[in-house]
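Reviewing the structure listed below.
Since every read-out is calculated from the coordinates, none of them should be taken as a lab result. Because the structure is predicted, anything quoted here is derived from the model rather than measured. Note: ideal-geometry Cβ built from the backbone for every residue, glycine included; neighbour counts use all protein chains shown.
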Amino acid sequence: MPTSVPESRSVEPLLQVSGLSAGYGKIGVLNGIDLTIGAGEVVALLGPNGAGKSTLLKAISGLLPRTGSITFAGQDMSKADPGETVRAGLVHVVEGHRVFTQLSVIDNVMLAGYGMPREKRVVQVEEALAFFPDIAAKRHDRAVTLSGGQQQMLAVAQGLVRRPRLLMLDEPSAGLSPVLVDRVLAAVARLREAGTAVLLVEQLIEKALAASDRVYALARGSIVLEASTGEDDLPNRLEQAYFGKDAHAPLAS
Amino acid sequence: MFASIVSYGLAVGAVYALIGITYNVMFSASRVFSFTAGMLGMLGGVLGALFINGLGMNAVLAFVLVMVAGAVLGLVTEILTVRPVLKSIEQHLYVLSTLAFALMIQQVTAIEYNTEPQPFPVLFPIDPNSWLGIVDQKFWLPVLACIVTVLGLEFLYRCTLIGRAFLAIAEDSYAARALGLPETRLRMASYAIAGVIGALAGFTGAQMLLAFIGNQAILNFYGFVPVALGGMGSNRGAVIGGLALGLFQQAANFLVGGIFASVAVFAVFIIVLLLRPEGLAGAAAARRV
Amino acid sequence: MTDATSPISASKAPAGLLGRLEGSWSWIALGLAGLLLPLLDDSYFGVIAQRAYIYWILGAGLNLVVGYAGQIAIGWVAMLTLGAYTTAALAAGRVGGVEWHPYLALIASGVMGAVFGVIVGLPALRLRTFYFAMTTLGFATIVTQVALAWKDVTGGGVGTPGPVFPWPFDPGWGFYYFCFILAALATWITSNIGSSRYGRALVAIRDAEVAAEASGIAKPKLLILIFLLAGGLGGVAGGLFSSLQSYITPDAFTFEMSVLFFIGILIGGRGSILGPLLGTIILTVLPEFAAPLVQWSTFLYAALLLVIVLVIPGGIADLLDYKNRRPLEQHREIVPRPELLSRIFDVKSGPSAITLANIALHFGGVRAIDGLDLEIRSGEVHGLIGPNGSGKTTTLNVISGYYRPNSGQLKLNGAELPINKPYARAAYRIARTFQTPRLVGGASVLENVMIGGTIDGSGTFAESMLSLPRHRRDEKRLNEAAMRALATVGLESLADVRADRLQHSELRFMEIARALMLRPAFLLLDEPAAGLSAEEIRRLGALIKAISREGTGVLLVEHHADLIFDICDRVTVLNLGKTLAAGTPAEIRSHREVVSAYLGA
């Protein structure tokens, strides 16, 4: 596992977010988030419940209205809708493996390539399915017949169809058995080899750290920690960051 | 008498079914029940009669124009009355916005066309004594239109990517948006398709129901009954419910009189709504808190 | 119009009102105009005015259905049709061969309207708005069809004559005053209801149904009463209409009349009485002065409806609501005064506990709660934490009666709590707040809080209708209790402000004030600290702690670990629907497994 920060980071970052705020109606969830992701970099986004991790992903992909600036691959995406971010190669796999249960597996994946030229779509759909032989074998079954883990893989496969430059995965391991979690995270490793950047929201801290180059921690709507995964004492620093500086009793270990 | 109950019942039932499908197509794309469904049915008849009888067009051209008009009205419905309301917090405002639009169109029709029922021309010159004329075209036309529509929609949903995109949006519009599907454009397309189906119902049913603005309210209600019975969004439910409603109505009309038929339909409608709000075929939806 | 001490005063009027206009002088002016109109001795004006009164008798009832309860009754003209034919047919002896006295026939119309109002309204008790809209539309269509077909009774397309009311309300100004008096009565009754706890409950059902249920408001019962009243008024209006028209045919009851009633209310603004009254009068009178436009009137009404819906959904009343456009102070601070709690909890109750034993709840294949034991004791703050999807809010919803657990027991002091009846919890003094504040945006903060005390009223619907003493005592008491609750949470200076103008953090405290109206034995708080600043969280914590010290058992679902560890007496940690750990905050903090599950290591 590489412990150094990839050099691409020092060049122009792939995704540059600054001063990003978002929320639901009157409830402000994020206040002024700054975050960068380099090309090909795998970044874990950690934080306690309700910290705003999913909200941050939605704000970046345009699923939520937001203020602040988002630059992706040199393009201004501050006002982009999900269709535009997806076409630019910034793909968001939302949490809860929300696949279309009434459609077949292959149709689910095809839809991810909606609007692409037919030949290109067919080729890239096969590429995406090749990541997950389990579900490729069930391509003509309706998605409702898949297990939760398979649905999650299907959701990730949908995210791969457009050969994204940055894939944002929101809790891909939620509700999966450990074996399946490893399989989903193995896909992340392969993506990184292929040069795809990944922003990974994960509850399983150790697995997330193992899969990533760098980590951001989010608490109460703000980034409270940024570190390379190689740094010492990271788990303890994370706990401190979560509970706030005035955590009374030290956490027993 | 039996033959006439069946032929009239199936024909009128096919029109109800088509209006029910019109409701469904709009509902699937937007979770909105639009009061423009009955208006489309009414206009299909009125515009057809106007183009052919009033302006002397040939039937094919008139048919095409009526379908185009339906599509355009569908688009206007989406842009003017649905899209602004979807953004608002109080989504039930769609009930009022679509109703208002439907009433405006109805009133323009009343003033510029006629408030009394007008005859609709015979479309196909078929000799009633030939074998083709055994069943009057006013009866088989709506049934044929219903079959064509159902097959067309099946093809669309099963064999085309855009059809699957419609299904995807109907099932989970949030996930569809996250995938980058052009939700707004797909919704507009759905409303255009619904416009065509509604106009088709009116055009093919008008030899029987006549070109009459009063059909708007009648179709709005009787077209919705099959949707309520068959479960919202279910086209199969709408077809079965529509045909059953048509047959029941005609049988009751002949056997016990119209008052009973109307009251019975209304009573069944309310009872089914109360006992099985999800429709006779639908699945119960979980309650949200 | 007759009620000089208008029950809706400017500051306390619900949702979107004609603000100050709704003071009493406008009622006096309207009443005088109505009384003195006969002095003009112009029978043309007289007829127009009578029509306006009749329309308003129906409109006043419809206003409760549409403007207060938010039910889209677009086919209410059917009640007018029904009432008109009932009076006409009975008075003419077309039913059973006996000629009814016109006044009796009129009463029968009211009864018919009430009965059918309830029948048509049944779907509204359970289903979403569109179904009810469609039912009323269908009913209107069918009533017309029946009127055409049932020739023996209705005369079919030819029609039937309406009755002439004998002295003292004989045709001319006698009948005029009859309509006037009934319209004034309808106004008085409906405005009494509108400003009573029943009116506030209706608006709460419309805008915040879940919160209404949690406050003990049973939607079906209340809506049935409203449909009875609105249907009855519609029927009476129909009876009068048949006499005014002197001859009725099905053509007289067009759907556009329904639209007129409806738009009159929407123009006037939801949740107001005077607004819709003026709206109805204007829409009735306007066509008389714009003859060339008469044939376009429906079109214009419909266009107006579209514009109102798209541009000013609050109605014109909202545009005129100056009071609520005055800017509020910018940097407001909420400073709760927990020391006032003892005035709310004036009666102490003995120790009690809610216990959950082995509760399990599945949604499809997902086990949301999987064998949970939990005890909430009076006088303690019990924290409930855990990762997303661990079943915290679901647990809260089981306790407050929204979900029926698949197995297990839910008891209060050893007795089973009823399941699936969220509105029954308030009677046990179990109150709650919501993850997203549920409020009536158009009503004042005070009224929002008063909703929380709905079950403490003792006056009946009929007493409220007639503003009898018990009703007035209820109002006074609820008002005082709400002011106390607001002072306690630190919001009393905002009591008269529309709730939707409050900041998010203020709404959180407002929900607590509403819950305090129940003098809760148990208080369930669903993430009350979400979206609050650090200082606000500290004050919230102190308030919650103080509430528990009054003997209330608090269940606190929260993500903010610091708040939980600060104020809880005991903490339960959930993971995957099961208890991962339970104990004192100190025990939990040193629990390695908890730290890893909660933080997700």
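Across peptide C:74-83, the average count of Cβ atoms from other chains found within 10 Å of a residue's Cβ is 1. Straight-line reach from A:Lys79: taking Cα to Cα under 25 Å and skipping same-chain neighbours fewer than 8 places apart, the lysines in range are A:Lys26, A:Lys53, A:Lys58, B:Lys87.
Work out the FRET efficiency for C:Gln409 and C:Lys348 from their Cβ-Cβ distance, taking R0 = 30 Å, and round it to the nearest 0.05.
For R0 = 30 Å, the calculated efficiency reads 0.60.
Do the sum for the protein assembly as shown: with -39,500 (n - 2.57) for every DSSP H run of n ≥ 4, divided by all residues, what is the mean residue ellipticity at 222 nm, to the nearest 500 deg cm²/dmol? It would help to have the intermediate numbers written out before the result.
Values: 45 runs with 603 residues, N = 1143.
Calculated from helices alone, the mean residue ellipticity at 222 nm is -17000 deg cm²/dmol.
Value of Rg to Rh for segment C:448-601, rounded to two decimals, is 1.09; Kirkwood radius and Rg both from alpha-carbon coordinates.
Within segment C:347-420, the trypsin sites (Lys or Arg not before Pro) that combine a DSSP coil assignment with at most 14 other C-beta atoms in a 10 angstrom radius are C:Lys348. For peptide A:202-210, the mean count of partner chain Cβ atoms within 10 Å of a residue's Cβ comes to 3.
Dimensions of segment C:191-258 along the principal axes, based on C-alpha atoms and rounded to the nearest Å, stand at 50, 23, 17, largest first. For chain A, taking the reciprocal of the average inverse distance between every pair of different Cα atoms yields a Kirkwood hydrodynamic radius of 18.6 Å. Mean per-residue shielding of peptide C:121-130 is 5, counting Cβ atoms of other chains within 10 Å of each Cβ.
Against chain C, whose longest principal axis is taken from its Cα atoms, helix C:504-516 shows a tilt of about 90°. Note on chain C: Cα-only Rg and Dmax are 27.5, 90 Å.
B:Leu280 label point, 7 Å along Cα→Cβ, cut-off 11 Å on backbone N: hits in segment B:199-232? Those under the cut-off are B:226, B:229-231. The angle separating the long axis of helix B:93-112 from the principal Cα axis of greatest extent in chain B is about 30 degrees. Simple spin-label estimate for C:Ala33 and C:Leu185 gives 2.4 nm between the two label positions (7 Å along the Cα-to-Cβ direction from each Cα). The Cα-based radius of gyration of chain B, divided by its Kirkwood radius, gives an Rg/Rh of 0.97.
Where in segment C:179-201 does the label zone of C:Ser24 land, with the point 7 angstrom along Cα→C-beta and an amide N cut-off under 17 Å? Of the residues in segment C:179-201, C:188-189, C:191-192, C:195 have backbone N under 17 Å from the label point off C:Ser24. As an exercise, use a Förster radius of 25 Å and the Cβ-Cβ distance of A:Asp233 and C:Glu593 to find the FRET efficiency, rounded to the nearest 0.05. Efficiency computed from Cβ-Cβ geometry: 0.75. Beyond 19 Å, the tail of the calculated P(r) for segment A:79-179 holds 38 percent of the Cα pairs. Take the alpha-carbon centre of segment C:472-536, take the same for segment C:138-164, and report the distance between them in whole Å. Their Cα centres are 53 Å away from one another.
In this simple spin-label model, placing a label point 7 Å from the Cα along the Cα-to-Cβ direction at both C:Leu466 and C:Val95 gives a separation of 2.7 nm.
In this structure, C:Arg549 and C:Arg128 have a Cβ-Cβ separation that, at R0 = 41 Å, corresponds to a calculated FRET efficiency of about 0.45.
The reciprocal of the average 1/r between distinct C-alpha atoms defines the Kirkwood hydrodynamic radius, which for segment B:113-201 equals 16.2 Å. Residue separation of C:Ile282 and C:Arg501 scaled by 0.36 nm, minus their Cα-Cα distance, works out to 75.7 nm of gained length.
If I stretch the segment between A:Lys120 and A:Ser222 completely, what's the gain in nm (0.36 nm per residue apart, minus their alpha carbon distance), one decimal?
32.7 nm
For helix A:118-130, what angle does its Cα long axis make with the longest principal axis of chain A, in degrees from 0 to 90 and rounded to 10? For helix A:118-130, the angle is close to 60 degrees.
If I model the protein assembly as shown as equal point scatterers sitting on the Cα atoms and use the Debye formula, what is log10 I(q)/I(0) at q = 0.05, 0.06, 0.08, 0.10 Å⁻¹? Those come out to -0.38, -0.55, -0.97, -1.37, one per q.
Only aspartates and glutamates eight or more places from C:Lys545 in sequence, or on another chain, were considered; those with a Cα closer than 17 Å are C:Glu339, C:Glu380, C:Glu511, C:Asp526, C:Glu527, C:Glu535, C:Glu536, C:Glu558, C:Asp562, C:Asp566, C:Asp569. Scaling against 2.2 N^0.38 Å puts the C-alpha radius of gyration of segment C:19-323 at 0.96. Here the extension length gained between C:Ala290 and C:Leu576 equals 96.1 nm, from 0.36 nm per residue of separation less the Cα-Cα distance.
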